[in-house]
1. Add +1 for every Lys or Arg and -1 for every Asp or Glu among the other residues with Cβ under 12 Å from the Cβ of residue 56, and state the total.
2. Take residue 123 and residue 100, extend 7 Å from each Cα along the Cα→Cβ direction, and tell me the distance between the two endpoints in nm.
3. What dipole magnitude, in Debye to the nearest 20, does the range 30-140 give about its Cα centre under +1 on Lys/Arg Cβ and -1 on Asp/Glu Cβ?
4. Ignoring any ligand, DNA or RNA, what whole percent of the accessible area of the range 18-64 comes from carbon and sulfur when the probe is 1.4 angstrom?
5. Calculate the FRET efficiency for residue 27 and residue 86 from the Cβ-Cβ distance with a Förster distance of 25 Å, rounded to the nearest 0.05.
Amino acid sequence: MQTKRIVASDFAYEVADFDGTNTSGLNPLADTVIVMCDVAPDKTAGNLFITADTQLRQQMMAETGVIVAIGEGAFKWLSDRTRPWIGRVPEVGEHIAFERYAGREQTGLDGKQYRVMTDRVIAATIDRDQMKSAKKGAGK
């Protein structure tokens, strides 16, 4: 099976491997969301190895990931916190786009890296299947 990749800011990220179960041991409170960021690869498209330091910096720049857990107060209010949330609420397991450097890094009990962020920094959900078919259609 070929690894799925997302290109953001001229850098290709491998889609986070999330099986639908929160094994992080992190339980979000209030308006926070736990996200498993997409992974910065260890090689470039030209098969050049990327140093660990550069890979770590690229990982911090990730702008996409998968929602692992959602706090009970998340997506109840709009970003100004004065009006109720309007529209569809993202769900656990959905692929999302968020602000660069959003949240704070936290190592889960499973040893994986997660980001704990507020719902305000999440900008959109990503439909990977729809993006795939759009790219195929554009290539014809």
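1. Working: positive: 57; negative: 42, 53, 105.
Surrounding charge for residue 56 is -2.
2. 1.0 nm
3. Details: 16 positive and 15 negative charges, 83 e Å.
My answer is approximately 400 debye.
4. Numbers: 1560 of 2630 Å².
Of the solvent-accessible surface of the range 18-64, carbon and sulfur hold 59 percent.
5. Step by step, r from the Cβ atoms, then E = 0.40.
The values are calculated or read from the model by the stated rules, or taken from the named source; none is laboratory data. What you see is a predicted model, and the numbers here were worked out from it, not measured in a lab. Neighbour counts are summed over all protein chains in view; Cβ atoms, including those assigned to glycine, are modelled from backbone coordinates with ideal geometry. These accessible areas exclude ligands, DNA and RNA; they are computed on the full protein's heavy atoms, side chains included. Shrake-Rupley method; radii C 1.70, N 1.55, O 1.52, S 1.80 Å.
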